[in-house]
1. Out of B:185, B:198, B:194, which single residue is surrounded by 23 or more Cβ atoms within 10 Å (Cβ to Cβ), facing chain A (nearest Cβ under 9 Å) and either aromatic (Phe, Trp, Tyr) or closer than 26 Å to residue A:307 by Cβ (or both)?
2. The conditions are (1) in a helix (DSSP H, G or I); (2) touching a residue at least 60 places away in the same chain (Cβ under 8 Å); (3) surrounded by fewer than 16 Cβ atoms within 10 Å (Cβ to Cβ), and residue A:36 fails exactly one of them. Which is it?
3. I'd like the residue in the stretch A:270-285 that is within 13 Å of another protein chain (Cβ to nearest Cβ) and in a loop (DSSP other than H, G, I, E, B) and, out of all such residues, is modelled with the lowest pLDDT.
4. Residue A:247 passes all but one of (1) among the β-branched types (Val, Ile, Thr); (2) at pLDDT below 90; (3) closer than 15 Å to residue A:216 by Cα; which number fails?
Protein chains: 2
Amino acid sequence: MSDSSIVICECFARDGLQHETVAVTTAQKIKLIDTFTAVGFPRIEATSYSHPGRIPMFADASEVLAGISRKAGVWYKATCPNAKAVDRAVADLDAGHGANELSLLISATEAHTERNLRTTRAGQWQRVEEMVAGAGSRFRLVGVISVALGCPFEGDVDPDVVAADVRRFVDLGVGIVAIGDTTGLATPRRVRALFERLRREAPQATLVAHFHNTRGSGLANAVAAYEAGCRYFDTSFGGVGGHPVTIQYGQGRTGNVATEDLVNLFESEGVSTGLDLDRMMQSSKLCEDILGRPLDSMVARAGLGPVRTKGKVDA
Amino acid sequence: MSDSSIVICECFARDGLQHETVAVTTAQKIKLIDTFTAVGFPRIEATSYSHPGRIPMFADASEVLAGISRKAGVWYKATCPNAKAVDRAVADLDAGHGANELSLLISATEAHTERNLRTTRAGQWQRVEEMVAGAGSRFRLVGVISVALGCPFEGDVDPDVVAADVRRFVDLGVGIVAIGDTTGLATPRRVRALFERLRREAPQATLVAHFHNTRGSGLANAVAAYEAGCRYFDTSFGGVGGHPVTIQYGQGRTGNVATEDLVNLFESEGVSTGLDLDRMMQSSKLCEDILGRPLDSMVARAGLGPVRTKGKVDA
């Protein structure tokens, strides 16, 4: 990866689908992930080992991971909220079809931890330590800090807490840490200040910008993170994805930053994503077809900008 | 205006409505503009003196301007494509109810000038000179340069052309110049480079960022313009507004940057807009009610971010 390239993790199949009410079959999920592989994503969030009773959408996690066609060098990630989830990931790996990357969740505030993870921050950190122990050295591990840039319950989040969380992940050997703006409360100055601080205080960590576009600021925040040195971004086709807590509280669409829109912006700036743009647009269409409705990417409606034809848009 | 405040022109009543198919009565337009005045906008794009045969939505331009309740210090703008339009503006002013600000249109490319203004760039500049002469010193004049950051027909736009256009406006005594990203082709680096250059080469001009959110980059571009010193922004409630040329060519929603989303971002950054935020949200609802559908502001769905309650979002 050069200084002018970025690494995108496509999150549609997990963060995107997690709270969808549309039924999506195992075969459709496998098709989606295989399509994402063909587009060229270096990281794909494939599924979650959440308890099937809590999140029925991912009851087929093992089947999905067994069904996809893997490409060498691509990270297929599964989300793990607790040690039982990691046990399932290990069992799938032993069976020859596991994820090769696991994400371990933390929330930056007590109120969000309570509602989203049903424990305390101290309790969740204990879970994370168990998960790290359970995973051994068989997976690449990714720490995820939810509501790191603002909490719908507690408001502003202390950057000291986020910095300490990042360092704690690093100390546990978790070298990649996603900074989650879970409900779209970040703005560019806050993003820049936090990412610059984290680079100073935890230079060993590879930071990931996991931003939601709840209030339309997602791309502006992504640009700020890039300018602060961040090169890893989480996005979802069609800007799909949300968070049960905020949906429940009626805060509207809280989707991820749309893959199409972020890729169009960065590629137009000369920042390479390594993706096949034609296939990306076909993949965008597939996601809309599977959910049966137009999604929230503006580029899906308007088409790619100047990146497509080196300036000549309608050529 | 301090260095950390911005001046927003609310464009819903003109750029927003121009290509709406929903019927909007004169009384509704007056109510909209009076509401915008109450929100505290320092500039309001009120109507257009376009030929009523070409743009029937503004056949009632004079009635609207006669019906609104003006607030001292607020600029009520009308758009003028040619000298006949300026004659109508002068007549309304003579009758005691005119606009106090007029915008004069130029396109940065020949292809867009041909399709949007039905003349050549040389021909349109001649019209601008006639309009400036016709307006005398009775109005504040605003130059508008369409497709200044990318053209749907010609692709990349030469910054030399835009810089020369800005200087030409300034030489004609038109001190405020809007830089239009008419179909959402701009990206932050281009915006920053252009605005920094224009500040160097035409320091007398007050630049306005008139950006559309066609590809989701509108707020990122607005932040880039702000960082390059721009303090004037054009926005429209609900991100409404578009351009016939691009709508015709099927390029999707090409709406203005949504007022609600831009205000939420800047106010959250500590940049003052001078607006009453509660009234702004009520005004957002009024715009949706009048058009009879949910519009494209994310903040209209999700609510204001941390600005609302000094960090405590759900407090």
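The values are calculated or read from the model by the stated rules, or taken from the named source; none is laboratory data. Quick caveat, the model's predicted, so the values are computed rather than measured. Cβ: placed from backbone, ideal geometry, glycine included. Neighbour counts: every protein chain shown.
1. On the way: B:198 fails: facing chain A (nearest Cβ under 9 Å); B:194 fails: facing chain A (nearest Cβ under 9 Å).
The match here is B:185.
2. Of the numbered conditions (1) in a helix (DSSP H, G or I); (2) touching a residue at least 60 places away in the same chain (Cβ under 8 Å); (3) surrounded by fewer than 16 Cβ atoms within 10 Å (Cβ to Cβ), the odd one out for residue A:36 is (3).
3. Looking at residues that are within 13 Å of another protein chain (Cβ to nearest Cβ) and in a loop (DSSP other than H, G, I, E, B), I get A:270.
4. Among (1) among the β-branched types (Val, Ile, Thr); (2) at pLDDT below 90; (3) closer than 15 Å to residue A:216 by Cα, the lone unmet condition for residue A:247 is (3).
Yes/no matrix, rows are residues, columns are (1) in contact (Cβ under 8 Å) with a residue 40 or more places away in the chain; (2) of a type in the set (Lys, Arg):
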position	(1), (2)
B:61	no, no
B:66	no, no
B:74	no, no
B:77	yes, yes
B:127	yes, yes
B:131	yes, no
B:141	yes, no
